[in-house]
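Written below as structure tokens is the structure these notes are about.
Taken together, the values in this text are just the output of simple stated rules run on the coordinates, not laboratory data. For clarity, every value in this text was computed on a predicted model and none was experimentally measured. Heads up, the Cβs are rebuilt from the backbone with ideal geometry, glycines too, and the neighbour counts pull from every protein chain shown.
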Amino acid sequence: MAQTIRVVVNGRTVERSVPERMLLVDFIRDELGLTGTHQGCTYEGVCGACTVHLNGEAVKSCMMLAVQADGEEITTIEGLARDGALHPVQKAFNEHHALQCGYCTSGMIMNAVDFLRTTPAPTEAEIRHALIGNICRCTGYQNIVAAVAAAAAAMRARAAE
């Protein structure tokens, strides 16, 4: 059975007929062609590579059906940059070499953006705890933690201006 859903993805309204059991990650990748959202743990919700924002909050899109997002707003990694400028977290990941293979990067960034929304001045321990649901097999996390801390500082400085 198929169901028609209407969602706002990265600021654009999309209407599609989708199978009722299609996962949100598959809808994003296969139906919308937004391949920055990765699927890494065979739909078990443990790696965090598929993290997107649903109404501004980080969710693992492999743990949610596309039909559950009907009427909601989704932001993917492709939707973070504004007017050609990277989001501060994206910029910090680049500047602090917080990636290697890049597979986990979009999920890490999406989770970090949501975390910094609620915790603008995090400690290193808080950053590490916030990223516990995102697995990286390449970096050792040190540069990722440094990038999130730098992004937090940059976002606070921008807010103070």
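Write down Rg/Rh for the chain, rounded to two decimals, with Rg from the C-alpha atoms and Rh from the Kirkwood relation over Cα pairs. Spell out each step's value before the answer.
Values: Rg = 15.7 Å, Rh = 16.0 Å.
Computed over Cα atoms, the ratio is 0.98.
Quick check: the angle from helix 105-118's long axis to the longest principal axis of the chain, C-alpha only, nearest 10 degrees? With rounding to tens, the tilt is 70 degrees.
Near V14, once Lys and Arg are set to +1 and Asp and Glu to -1 for all other residues with Cβ below 15 Å from its Cβ, the sum equals -4. Taking label points 7 Å from Cα along the Cα-to-Cβ direction, K91 and A125 give a separation of 3.1 nm. Using 0.36 nm per residue and subtracting the Cα-Cα separation, the extra length available between V8 and D83 on full extension is 25.2 nm. From least to most packed, judged by other beta carbons within 10 angstrom and beginning with the fewest, C136, C50, C101 follow the order C101, C136, C50.
Taking square-rooted eigenvalues a ≥ b ≥ c of the alpha carbon gyration tensor, is region 88-160 rounded, prolate or oblate, where a/c under 1.5 means rounded and, failing that, a/b exceeding b/c means prolate? If you can, show how the numbers build up before the last one.
Details: a/c = 1.87, a/b = 1.46, b/c = 1.28.
Since a/c reaches 1.5 and a/b is larger than b/c, the shape of region 88-160 is classed as prolate.
Each residue of region 20-32 is assigned a 3J(HN,Hα), and the resulting list reads 4, 9, 6, 6, 4, 4, 5, 4, 4, 6, 7, 7, 9 Hz, derived from the Karplus form 6.51 cos²θ - 1.76 cosθ + 1.60 (θ = phi - 60°), x at Gly and Pro. Quick one: helix 142-160 against the long Cα principal axis of the chain, what's the angle to the nearest 10°, folded into 0 to 90? The two axes meet at around 90 degrees. Neighbour counts of C-beta atoms inside 10 Å place M155, M63 in the sequence M63, M155, starting with the fewest. Modelled label positions at N55 and R16, each set 7 Å beyond Cα in the direction of Cβ, lie 2.2 nm from each other. Each label was represented as a point 7 Å from its Cα along the Cα-to-Cβ direction; for Q68 and T118 these points are 1.7 nm apart.
Each part gets one Cα centre, and for region 15-31 versus region 91-116 those centres are 25 Å apart.
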